[in-house]
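So the structure is just underneath, and the comments pick up after that.
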Amino acid sequence: MLTLIKAHGSENQFFLLDQTQLTQPLTTTELSWIARQLCHPQTGPLGGADGLLVIAPSANPTCLGAMRVINADGSEAKMCGNGLRTVSRYLAEKSGQTQFQIATPEATLSVIRSADLAPNVPAFSVQIAPISMAAANLPFAYHQRPELFNTAVPEFVDHQTFTAIAVPNPHLISFVDQLDSNVLGELGQRLNAPNPYFPEGVNVSFAKVLGPNRLFVQTYERGVGFTNACGTGMSATSLAFAMQYPTLFDPASDLVVLNPGGLVKTHVTLGKTPATSTLHLIGNATFSAKLTLDEHDLRAGKFSTALIATTREETAYQTFIHHVKQLTL
């Protein structure tokens, strides 16, 4: 028997699978197929999820473990900030450590246990890296520009400017006076279908500046669609905000970033270049349920036999978010 954990960061929903529980690790092809079954809102348990987070030992002896991110459509993402917080909690509880490193496909990242956001709302701070605005690293192509920073792109949306940042997932960010989900959804779908600008697709975020060091961000995620929150999207948007709105950015303080699923905090330290800047994402790591099932059933995509034990953490998180939003909006 093995245990899957249903978890979320800012209501960005995941299943956590620790490969060390299995008699033999699942292959990439198997993980892709299982993620599509597990995360589907109809076939998956507990209403599915946005992705499957795969935990395994790391070949790097300095890391406590390794994380892979399989999207709901079976594709693999380079990183997931909200997911990294939940994996950090899992490894912290498994090991008894509160500060360590986790290997991801693109970088080794530092994580640390933060103070609880509220009673029964545990939190972690995670490093978001590497950072690049170079066209080749996203990748993107637009009039042979080496990067895209606060640039009008009428082919995307009239009367809006766009900034492209990889962290390392590719993000396209636009600050708007009024957030229109229909426009965001249409652009997100268009840039994640075959297109001449982002050959591998891109996460698209619209952001509204609420005040000094305060934002609202909504993201259309590559491989998923609309989610309640995107950790790397909020991190990239925080960096874009610091660069585009220097009079509203206080580098000594955290940013408060609201999203449809709640809120996070980010901390931005601007370097001489985007690549030398640092980003940290701070937010909840909520375990809402644990599912116990046979390994054979997991491999067969048979989840109806799973024994599900829910926690009270989601109630605590919703109480916290309701209170905070009343104070911040």
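Every number here is computed from the coordinates shown, using simple stated rules; none is lab data. Keep in mind that this is a model prediction, so the values were computed, not measured. With ideal geometry, Cβ positions are generated from the backbone for all residues, glycine too; neighbour counts draw on all protein chains shown.
Can you list the residues of the stretch 281-318 with backbone N under 11 Å from a point 7 Å past the Cα of Ala118, pointing along Cα to Cβ?
So the set is 314-318.
Suppose the Debye formula is applied to equal point scatterers at every Cα of the chain; what is log10 I(q)/I(0) at q = 0.11 Å⁻¹?
Taken in order of the listed q values, log10 I(q)/I(0) reads -0.66.
Select from the stretch 123-227 those GluC sites (Glu not before Pro) which occupy a DSSP coil region and have at most 16 other Cβ atoms within 10 Å, ordered by residue number.
Sparse-neighbourhood loop GluC sites (Glu not before Pro): Glu155, Glu200.
Hey, how much of the P(r) for the stretch 135-282 falls beyond 28 Å, as a percent of Cα pairs?
Of all Cα-Cα distances in the stretch 135-282, 11 percent exceed 28 Å.
Would you kindly derive the ³J(HN,Hα) couplings of the stretch 107-112 from the backbone phi angles with the Karplus curve 6.51 cos²θ - 1.76 cosθ + 1.60 (θ = phi - 60°), listing them in order in whole Hz, with x for Gly and Pro?
These are the phi-based 3J(HN,Hα) values: 6, 9, 10, 8, 9, 8 Hz.
Each residue of the stretch 297-302 in order: what ³J(HN,Hα) in whole Hz does its phi give by Karplus 6.51 cos²θ - 1.76 cosθ + 1.60, θ = phi - 60°, with x for Gly and Pro?
After applying 6.51 cos²θ - 1.76 cosθ + 1.60, I find 5, 4, 5, 8, x, 9 Hz.
Is the stretch 244-329 best put as rounded, prolate or oblate by its Cα gyration tensor, with a ≥ b ≥ c the root eigenvalues, rounded for a/c under 1.5, and otherwise prolate when a/b is larger than b/c, oblate when not?
Values: a/c = 4.30, a/b = 1.90, b/c = 2.27.
Oblate.
In the stretch 142-162, which residues have a backbone nitrogen under 11 Å from the label point lying 7 Å from Leu270's Cα in the Cα-to-Cβ direction?
Answer for the stretch 142-162: none.
Counting Lys +1, Arg +1, Asp -1, Glu -1, what net charge surrounds Ser253 among other residues with beta carbon under 12 Å of its beta carbon? Don't skip to the end; give the middle numbers.
On the way: positive: Arg214, Lys265; negative: Asp250, Asp254.
Net local charge, Ser253 excluded: 0.
Around Leu191, with a cut-off of 13 angstrom between Cβ atoms, what is the net charge of the other residues, counting Lys and Arg +1 and Asp and Glu -1?
Value of the local net charge: -2.
Pull out the extension gain between Ala300 and Leu179, defined as 0.36 nm times the separation in residues minus the alpha carbon to alpha carbon distance; nm, one decimal.
39.4 nm
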